[in-house]
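**Student:** I am attaching a structure below and will ask some questions about it afterwards.
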Amino acid sequence: MAVQPHPADGSAWVYVRSMASSTMSDPRQGPPKLNGDLKDVAHGVHQEFDELLDPEAVDECLDRVAAKFVDAKVRSFVPLLVRRYVSTELQGRVEQA
């Protein structure tokens with residue numbers, strides 16, 4: 001028995017397209033800007049690492065890692081992944097210092 005797709009009224013596609021990226025990147029404007037779904041992550045990372053590392057180095061790491069997920073299709077895991085990768089990298093830097 002074949003599964004019939006549900007008709008879409010278009011609003012779901014608008015929602016999906018609006019979640020297309022959590023960072024905005026334009027090479028003319030410098031590094032990607034963190035969007036709302038990553039601001040809480042950035043705040044937590046800064047609280048954890050600003051006293052141990054240069055805050056600009058923390059920002060650079062956040063921007064670089066977040067840029068890797070610009071084209072992610074499933075957005076719900078991006079904050080978790082960015083937090084994990086950034087924390088792992090920064091913790092490594094702290095241990096080397």
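The values are calculated or read from the model by the stated rules, or taken from the named source; none is laboratory data. As the structure is a computational prediction, the values presented were derived from the model and not from experiment. Methodologically, a virtual Cβ is constructed for each residue, glycine included, from the backbone with ideal geometry; neighbour enumeration extends over all protein chains shown. Each accessible area value is taken on the protein alone, full model and side chains, heavy atoms only, with ligands, DNA and RNA left out. Shrake-Rupley method; radii C 1.70, N 1.55, O 1.52, S 1.80 Å.
**Student:** Which numbered condition in (1) more than 16 Å from Lys39 (Cβ to Cβ); (2) without any contact (Cβ under 8 Å) to a residue 12 or more places away in the chain; (3) in a helix (DSSP H, G or I) is the only one that Arg64 fails?
**Tutor:** (2)
**Student:** Counting only residues that are open to solvent by less than 90 Å² (accessible area, probe 1.4 Å) and farther than 15 Å from His43 by Cβ, which one in segment 83-95 is farthest from the chain's Cα centre (by Cα)? Reasoning before the result, please.
**Tutor:** Residues of segment 83-95 that are open to solvent by less than 90 Å² (accessible area, probe 1.4 Å), as a first pass: 83, 86-87, 89-94.
Next, only the ones that are farther than 15 Å from His43 by Cβ stay: 89, 91-94.
Details: Glu89: 15, Gln91: 18, Gly92: 20, Arg93: 20, Val94: 22 Å.
In this case the residue turns out to be Val94.
**Student:** Taking the stated definitions as given, is Val45 assigned to a loop (DSSP other than H, G, I, E, B), modelled with pLDDT of 75 or more and under 16 Å from the mean Cα position of the chain (by Cα)?
**Tutor:** Taking the combined requirement at face value, the residue does not satisfy it.
**Student:** Still on this model: Would you confirm, using the coordinates I've provided, whether Asp71 is acidic (Asp, Glu), open to solvent by 50 Å² or more (accessible area, probe 1.4 Å), modelled with pLDDT of 60 or more and not in a helix (DSSP H, G or I)?
**Tutor:** Numbers: acidic (Asp, Glu): yes; open to solvent by 50 Å² or more (accessible area, probe 1.4 Å): yes; modelled with pLDDT of 60 or more: yes; not in a helix (DSSP H, G or I): yes.
When the stated conditions are applied, Asp71 passes them.
**Student:** Right, here's the next one. Of the residues Leu53, Leu80, which single one is without any contact (Cβ under 8 Å) to a residue 60 or more places away in the chain and open to solvent by less than 70 Å² (accessible area, probe 1.4 Å)?
**Tutor:** Numbers: Leu80 fails: open to solvent by less than 70 Å² (accessible area, probe 1.4 Å).
Only one candidate qualifies: Leu53.
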